[in-house]
Each structure stands twice: as C-alpha cells, then as structure tokens.
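Mind having a look at this structure? Questions to follow.
The values are calculated or read from the model by the stated rules, or taken from the named source; none is laboratory data. Quantities reported herein were computed from a predicted structural model and do not represent experimental measurements. Because the Cβ atoms are built from the backbone with ideal geometry, glycine has one as well, and the counts that use them run over all protein chains shown. These area figures cover heavy atoms from the full protein model, side chains too; ligands, DNA and RNA do not enter into them. Shrake-Rupley method; radii C 1.70, N 1.55, O 1.52, S 1.80 Å.
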Amino acid sequence: MLLKKKILKAIENFNEIRVPEAKAELIEFKDKKFLVKFSGYMCYTCGVYDYFEDLVIELENLGVKSKIEEYKRFNDYFLVEYQMSQKENLSLK
C-alpha cells in the first residue's frame, strides 16, 4: 500500500471510532510531512493532544512510523503537523 493511502486509511480508521467527537482530515502531504485538521466536539482544554497521538497509533498499526512535530489551535479546530521516520521515505505517493 502506498504511503499516502496508508495515511488516508489511518485517518478513516480514526474517524470511524471518534466522529463526531473528533474528526481528522488530511490537508497536505509533502515529502515526509503531512498536515491534519482536527475538528469536532472534543474538549479543547484537556486531553485534546490525546487525539493527535491516537492518529500516531493508527498509523503505527498500518506500519507507518510518525511523530507530532507541532500543532496550532484555531477557533474551532487544530492543525497538526506530523513527521514520518526516515525509513518511511520509500514510497511517498
């Protein structure tokens, strides 16, 4: 499975369990980084980082090693940038 498809599948798996409380959407995929928008009814003051980490776990379940690089909060959503590990550089499309 190509890497982008794995990311989309991980997001789909994440959303199956967590929507409408938290919804993830791939915004950008470039090189070894990708940007995900998180929105929904999640608590914005406590535990929101757990949702970002849950996506890392969904990715790991599909063989994609990644980590959270940074995140930014906007009025009603977060943008989270993920970085893939070096060995994930094999098939980026």
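Just to verify a number: what accessible area does residue 74 come out at with the full protein assembly present, 1.4 Å probe, Å² rounded to tens?
About 80 Å², ignoring ligands and nucleic acids.
Separate question: How about the range 1-71: which GluC sites (Glu not before Pro) there lie in a loop by DSSP and see at most 14 other Cβ atoms within 10 Å? Can you show the working numbers first?
Details: sites: 12, 16, 21, 25, 28, 53, 58, 60, 69, 70; in loops: 21.
Loop-located and lightly packed - 21.
Through the Karplus equation 6.51 cos²θ - 1.76 cosθ + 1.60, θ set to phi - 60°, convert the phi angles of the range 50-60 into ³J(HN,Hα) values in whole Hz; use x for Gly and Pro.
For the range 50-60, the Karplus-derived couplings read 4, 5, 5, 6, 4, 5, 4, 5, 4, 5, 4 Hz, x marking Gly and Pro.
Could you give the dipole magnitude of the chain about its Cα centre, charging the beta-carbon of Lys and Arg +1 and that of Asp and Glu -1, in debye to the nearest 20?
Numbers: 16 positive and 16 negative charges, 93 e Å.
In total the dipole reaches around 440 debye.
What FRET efficiency comes out for the pair residue 62/residue 35, r = Cβ-Cβ distance, R0 = 22 Å, nearest 0.05?
Values: r = 18 Å, r/R0 = 0.84.
Given R0 = 22 Å and the Cβ-Cβ separation, E is 0.75.
State the answer as a single residue: which of 42, 71, 2 lies farthest towards the positive end of the charge dipole of the range 1-71, with beta carbon charges of +1 for Lys and Arg and -1 for Asp and Glu, about the Cα centre.
2
Let me ask you something else. Taking Cα atoms, how many degrees apart are the long axis of helix 3-18 and the longest axis of the chain, rounded to 10 and kept between 0 and 90?
So the inclination is approximately 30 degrees.
Further, regarding this structure: Could you run the Karplus curve 6.51 cos²θ - 1.76 cosθ + 1.60 with θ = phi - 60° over the range 19-28 and give me ³J(HN,Hα) per residue in whole Hz, x for Gly and Pro?
6, x, 4, 9, 10, 10, 9, 6, 9, 8
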